[in-house]
Amino acid sequence: MKVTEHISQAKGTVVSFEILPPLKGRGIDAIYNHLDPLMEHKPAFINVTYHRSEHIFKKRADGTFEKVIVRKRPGTEAICASIMNRYQVDTVPHLICGGFTLQDTEDALLTLNYLGIDNVLVLRGDAAKNETSFEPEPGGHSHAIDLLRQVVNLNHGMYLEEELKGPSGTKFCIGVAGYPEKHFEAPNMETDLMYLKDKVDAGAEYIVTQMFYDNSQFFAFEKNCRAAGIQVPIIPGLKPITTKKQLSVIPRTFHVDIPTELSNEILRCKDDKDVEKVGSEWLLAQSRELKASGVPVLHYYTLGKPNVVADVVGKL
Ligand SMILES: Cc1cc2nc3c(=O)[nH]c(=O)nc-3n(C[C@H](O)[C@H](O)[C@H](O)COP(=O)(O)OP(=O)(O)OC[C@H]3O[C@@H](n4cnc5c(N)ncnc54)[C@H](O)[C@@H]3O)c2cc1C
């Protein structure tokens, strides 16, 4: 079922969870162990992130370096299918521009279609670790909107090869990312919103936001989206803080602010067990307020901390 159908058929706010594929070498049980405590909360759908290959320099025996391509977290498409099969829940694979040619993208979409997956979250992806800014694959997509257009075309039966006989279209429900605190590369919020509206006008059916820790940022973003003519559902993304280290890692990685009240409380904690308690109380308060405001879905980034999220969702 499509994300938009889950939203339109729900009686109130539903929940969804986001997971990462396991590090290469760890089996699918890593995913099941992660999801088991979360599944009793009956998520409407589960997102699985996409991780591109990276170039690393491996030292040879003679002291010189060899450039090697590695993918630490492969398997997004197959993990989605395994989760659907095991838990009978819909999945939303993420699909990115980085590292994909148009042909790779079409093949990935067809694989997802054959697996019976109805949704995709389309993203640009960040710069690879060895790049200073995002570089598309030669001939690949530069922005999420270009990838989005390819999915929309495929939904209309438009393949890259024009001479196919009677091609059938796919039926993907397409989501995109939005940034309550602005995407870090955008010159200002207005320009970022303009590009977000372009994605919606091009066929995006809902928006999932970057995480935020101050609900007023989300409410302002929602208001600005509506004022800009963006009418699709906006799903808030939420992530618990569970360690002191995250006070610097989260702003650096995701370009979001942590409110002073929360950071002060965390700084006063004597260990990470205390931080987890503060972080989960904050997440619960955020979730309750967002739910009361009528958001369609509460989307949790569960990365490594499924029990914290399960506990919060259980108290909603
Ligand atoms: C909910 C969510 C899930 C994510 N999942 C993943 C994942 O699984 N894998 C992963 O690698 N990354 C993921 N990311 C990170 C994401 O890839 C990065 O934030 C990336 O830097 C931007 O992606 P985007 O889709 O928002 O890009 P875009 O929409 O392309 O926007 C990127 C920047 O370009 C600007 N822009 C947009 N369109 C244009 C245009 N036509 N011309 C000029 N400028 C333009 C925007 O204002 C913005 O500053 C996720 C992010 C979110 C919020």
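Read-outs: derived from the displayed coordinates by stated rules, not from any lab. For clarity, every value in this text was computed on a predicted model and none was experimentally measured. Note that we place each Cβ from the backbone using ideal geometry, even for glycine, and neighbour counts take in every protein chain shown.
Amide H contacts of Y300 (H built 1.01 Å from N, in plane; Pro and chain starts excluded): S16, F17, E18, L238 sit under 5 Å, all sequence-distant by 5 or more or on other chains. Annotation: peptides 262-272, 138-148, ranked by per-residue average of other Cβ atoms within 10 Å with the highest first, follow the order 138-148, 262-272. Label sites at E281 and T191, each approximated as a point 7 angstrom past Cα along Cα to Cβ, lie 4.2 nm apart. Nearest 5 percent is fine: what portion of the DSSP beta bridges confined to segment 1-136 is antiparallel? The answer is about 35 percent antiparallel. Placing one equal scatterer on every Cα of segment 213-279 and applying the Debye formula, the log10 ratio I(q)/I(0) at q = 0.12, 0.19, 0.24 Å⁻¹ is -0.40, -0.77, -1.02. DSSP bridge analysis restricted to the chain gives an antiparallel fraction near 15%, rounded to the nearest 5. Report summary: the helix-based calculation at 222 nm, which adds -39500 (n - 2.57) for every DSSP H run with n ≥ 4 and divides by the residues of the chain, gives -12500 deg cm²/dmol.
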